[in-house]
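One structure below.
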Amino acid sequence: MSVIEINSLTKDYGHGRGVFNVSAFVNEGECYGFLGPNGAGKSTTIRHLMGFSKPQSGSTLIDGKDSWQYSAELQKEVGYLPGEIAFPSGMTGTQFLEMQKKMRNITDSSYLDKLLKRFELDPNIGLKQMSLGTRRKLAVVTAFMHDPKILILDEPTSGLDPIMQEIFIDYILEEKKRGKTIFLSSHIFHEVDALCDRIAIIRDGKIVSEFDPEVLKKESDKIYRVTFEDEKQWQEFTTHNYQFTSINKHKLRARIQLKNSEITSFINDISQFHIVDFTEFPFSLEDYFMQFYHEDKLFEGVK
Ligand SMILES: Nc1ncnc2c1ncn2[C@@H]1O[C@H](COP(=O)(O)OP(=O)(O)OP(=O)(O)O)[C@@H](O)[C@H]1O
Ligand SMILES: [Mg+2]
């Protein structure tokens, strides 16, 4: 039995918005990443997992319990970090944490103290006076204070500075080693790459790819960046039927993703053009992701 189950979840908000027939399964001790651009449906899926929203069709289960039916119980047990946090006003961080402790029947503060130290958080100021980063840290500590065995994290490092992001990633890696099951959403490639055993890419409310990043890296395609001498050459080449991960008219560049079997014909083809630069890049998750991101509209100036 999977610890986290999403079975054909659909929530149609109209105008193509929402999530459509989304399925995903997370086994015990696994870290599963949900990667997707803004508005893709990440938070919507997570809100259903946490039982804040009722599915139109399909279901989500945590530990075998239906999220909607057992929402109160699951919300108490699961370590949930929301994407957007609304704290009550007129309270200090310390008072807020005391309230959370009571709600969760935490009597021993030693784990909470460890977290406060680790995330360098002094909660003893008013919630309204806290900077965005401090509020995010407070949300992180609140999500983890009861040492939950399941973590559901919606863009966990947004609002944290690079040093805090690293501290957070190290913490999650340790939690993984302790056997925690983790579901996280992100649009930061390096974060999901560092943490996740499996990654799903969600776009326009649908899962368009699911993969193990380690397997993908081994089997991966090659990425080439070509810079042309003039616009005519660039124009001609970019009408070819290659898998472009980005094109940039201003810099007269194109990035192309190729399978090993396509390389010889590509080299023959490119030799007909006047090029000023030709660079091979190691495969990155970012390139893989960009192909879904820009499937039907190639943005200029991406790279
Ligand atoms: N309650 C709602 N009513 C109507 N539309 C909604 C509602 N909640 C979300 N949507 C729409 O559903 C789509 C998915 O939103 P969602 O918040 O899940 O995206 P996301 O992947 O979390 O994006 P982001 O990276 O910006 O946080 C968006 O188009 C959004 O406007
Ligand atoms: Mg979101």
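The values are calculated or read from the model by the stated rules, or taken from the named source; none is laboratory data. Here the structure is a predicted model, which is why all the values come from computation and not from measurement. Don't worry about glycine lacking a Cβ; one is built from the backbone with ideal geometry, like all the others, and counts go over all protein chains shown. Ligands, DNA and RNA are stripped out before the accessible areas are found, and what is left, the full protein with its side chains, is counted by its heavy atoms. Shrake-Rupley method; radii C 1.70, N 1.55, O 1.52, S 1.80 Å.
Looking at residue 111, is it part of a strand (DSSP E or B) and of a type outside the set (Gly, Ala, Ser)?
In short, no.
Test each condition in (1) free of Cβ contacts under 8 Å to residues at least 40 places away in the same chain; (2) more than 13 Å from the chain's Cα centre (by Cα); (3) open to solvent by less than 30 Å² (accessible area, probe 1.4 Å) for residue 164 and report the one that comes out false.
In the conditions (1) free of Cβ contacts under 8 Å to residues at least 40 places away in the same chain; (2) more than 13 Å from the chain's Cα centre (by Cα); (3) open to solvent by less than 30 Å² (accessible area, probe 1.4 Å), residue 164 misses (1) alone.
For the range 120-141, state whether one or more residues are within 26 Å of residue 40 (Cβ to Cβ), away from ligand 1 (no atom under 16 Å from the Cβ) and not charged (D, E, K, R).
yes
Out of the residues in the range 272-288 that are assigned to a loop (DSSP other than H, G, I, E, B) and in contact (Cβ under 8 Å) with a residue 12 or more places away in the chain, which is nearest to the chain's Cα centre (by Cα)?
284
From the list 245, 264, pick out the single residue that is open to solvent by 50 Å² or more (accessible area, probe 1.4 Å) and either within 11 Å of residue 224 (Cα to Cα) or free of Cβ contacts under 8 Å to residues at least 24 places away in the same chain (or both).
264
Assigned to a strand (DSSP E or B) and either closer than 19 Å to residue 13 by Cβ or not small (Gly, Ala, Ser) (or both): which single residue out of 52, 34 fits that description?
That would be 34, the only listed residue that is assigned to a strand (DSSP E or B) and either closer than 19 Å to residue 13 by Cβ or not small (Gly, Ala, Ser) (or both).
Return the total of residues in the range 161-213 being among the β-branched types (Val, Ile, Thr) and within 16 Å of ligand 1 (Cβ to nearest atom).
Of the residues in the range 161-213, 7 are among the β-branched types (Val, Ile, Thr) and within 16 Å of ligand 1 (Cβ to nearest atom).
Could you list, ordered by first residue, the pairs with Cβ atoms under 7 Å in which the first is in the range 56-74 and open to solvent by 60 Å² or more (accessible area, probe 1.4 Å) and the second is in a loop (DSSP other than H, G, I, E, B) and aromatic (Phe, Trp, Tyr), at least 6 apart or interchain?
none
Within the range 133-148, is even one residue in contact (Cβ under 8 Å) with a residue 60 or more places away in the chain, touching a strand residue (DSSP E or B) at 6+ places or on another chain (Cβ under 7 Å), closer than 23 Å to residue 184 by Cβ and open to solvent by 30 Å² or more (accessible area, probe 1.4 Å)?
No, the range 133-148 contains no residue that is in contact (Cβ under 8 Å) with a residue 60 or more places away in the chain, touching a strand residue (DSSP E or B) at 6+ places or on another chain (Cβ under 7 Å), closer than 23 Å to residue 184 by Cβ and open to solvent by 30 Å² or more (accessible area, probe 1.4 Å).
Within the range 77-98, track down each residue that is within 16 Å of ligand 2 (Cβ to nearest atom), open to solvent by 40 Å² or more (accessible area, probe 1.4 Å) and among the small types (Gly, Ala, Ser).
Listed by number, the list holds a single entry, 86.
Which of the residues that make up the range 19-42 are surrounded by fewer than 19 Cβ atoms within 10 Å (Cβ to Cβ) and either among the polar types (S, T, N, Q) or within 13 Å of ligand 2 (Cβ to nearest atom) (or both)?
Residues satisfying the conditions are 21, 23, 27, 37, 38, 39.
Any idea which residue in the range 175-196 is nearest to the chain's Cα centre (by Cα), counting only those that are open to solvent by 50 Å² or more (accessible area, probe 1.4 Å) and within 22 Å of residue 62 (Cβ to Cβ)?
Applying the filter and picking the extreme gives 177.
Filter the range 7-18 for residues that are in contact with a strand residue (DSSP E or B) (Cβ under 7 Å, 6 or more places away or on another chain) and within 16 Å of ligand 2 (Cβ to nearest atom); which is most open to solvent (accessible area, probe 1.4 Å)?
11
Testing residue 40 on (1) more than 30 Å from residue 190 (Cα to Cα); (2) touching a residue at least 40 places away in the same chain (Cβ under 8 Å); (3) not in a helix (DSSP H, G or I), one condition comes back false. Which one is that?
Answer for residue 40: the failing condition is (1).
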